1. Kindly list, by first and then second residue, each pair from a residue in the stretch 134-153 that is of a type in the set (D, E) to a residue that is part of a helix (DSSP H, G or I) and surrounded by 15 or more Cβ atoms within 10 Å (Cβ to Cβ), limited to pairs with Cβ atoms under 8 Å and residues at least 6 apart or on different chains.
2. How many of the residues making up the stretch 170-191 are of a type outside the set (G, A, S) and in contact with a Phe, Trp or Tyr (Cβ under 9 Å, 6 or more places away or on another chain)?
3. Among the residues of the stretch 98-134, which ones are part of a loop (DSSP other than H, G, I, E, B) and either surrounded by 16 or more Cβ atoms within 10 Å (Cβ to Cβ) or in the same structural domain as I264 (by TED's automatic domain parsing) (or both)?
4. Taking the criterion of being among the hydroxyl-bearing types (S, T, Y), touching a strand residue (DSSP E or B) at 6+ places or on another chain (Cβ under 6 Å) and surrounded by fewer than 17 Cβ atoms within 10 Å (Cβ to Cβ), would at least one residue in the stretch 202-222 satisfy it?
5. If I filter the stretch 216-238 for residues that are polar (S, T, N, Q) and touching a helix residue (DSSP H, G or I) at 6+ places or on another chain (Cβ under 8 Å), do I get at least one hit?
6. With respect to T257, determine if the residue is β-branched (V, I, T) and farther than 18 Å from G188 by Cα.
7. If you go through the stretch 274-285 one residue at a time, do you hit one that is acidic (D, E), more than 20 Å from the chain's Cα centre (by Cα) and outside the structural domain of V10 (by TED's automatic domain parsing)?
8. Of all residues being under 17 Å from the mean Cα position of the chain (by Cα) and of a type outside the set (D, E, K, R) in the stretch 154-174, which is nearest to R121 (Cα to Cα)? Just the residue, please.
Amino acid sequence: MSPEAGVNAVEFFLSRVDNPDDFIVSFWGGEPLDRPETIGAVTKAFPQLKYDLVSNGGNIDVLRDIHSLSFVWSVGDAEEKYGSIVGKIQANKDIVEFVREKNHAISFFASNYKNIAWDYRILREITDKVILELPMKYKVMSEADIEIASDQIAIIISEYGDDVLLSGRSAKKYLERLSGAKSFSYCGCGLDRMLADGRGDIWLCDGSYINSIDKLGTIHDGINDSLLDPFRALHGNPESIYSECSECEVYGYCLRTKCMGDNIERTGNPFMPDKAFCSGNKAFYRGALKYLRRNNE
């Protein structure tokens, strides 16, 4: 996205919100830091806004002067590219110090299930905002992997308390939810958030952009608001999104909200979840239950 397109997109979305204080600009990629000129132009034009950005790594100089920034460093490729979490830390000292100094967050995509707790401890030495993720879009976990990962998740909650962030959600809130009634949620795409691409086209979310579905309009011609009616209906009745899930052990207790864009890509049905998504949710669910059982023994 060019600097001009970025500024124009923010101007368009700002014209649609009632309260700019609730408006957050998210830089999404690809690797957002590959376009520092766009980040710089947008943040200079709108210094009063809140920003968030997830990065695998790059030159962070453009981020240092942003007044209100939520930065997340992703270490999901550590094993493949660097051999270990420690290897990625050593290769990205500038980002590590930036995260530590500002108490930003780290997104930890765990792929070595046996070492989840060990790697998590290392990352907690940098910041207390370590978001534990599982490869819920990329890899179906076997039953054995689910059990291994859930054991590790229970250990992490036991060691660090219920302020642990499980896929961006507070473990405390998730544990409270498990002791209550089943509940369902809509991801908010199209209503709470939208995506603008480099051409100025507007999409329901990143999933719809990747799969070229649910284009809503353009920043030049506006949005066809009637296209959002089906999603308003889902927001009002989120349980309907889970119509294919009623026999699942995690029904009503999924940690992650289902992504309909991913479902269309992988299953052809927006309400039929991808097996990778389900296996990750099962690992989080079983891990939380194991913690609760051990804590009550």
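The values are calculated or read from the model by the stated rules, or taken from the named source; none is laboratory data. All figures in this text were calculated on a predicted structure; none of them were measured in a lab. Positions of Cβ are backbone-derived with ideal geometry, glycine not excepted, and every protein chain shown enters the neighbour counts.
1. D145/Y113; D145/S279; D145/A283; E147/R286; D151/G287; D151/K290
2. Selection size over the stretch 170-191: 9.
3. If the condition is that a residue be part of a loop (DSSP other than H, G, I, E, B) and either surrounded by 16 or more Cβ atoms within 10 Å (Cβ to Cβ) or in the same structural domain as I264 (by TED's automatic domain parsing) (or both), then H104, A110, S111, I126, T127, K129, L134 are the ones that fit.
4. Yes - at least one qualifying residue is present in the stretch 202-222.
5. No.
6. No, not satisfied.
7. Checked against the condition, which is being acidic (D, E), more than 20 Å from the chain's Cα centre (by Cα) and outside the structural domain of V10 (by TED's automatic domain parsing), the stretch 274-285 yields no hits at all.
8. The residue in question is V164.
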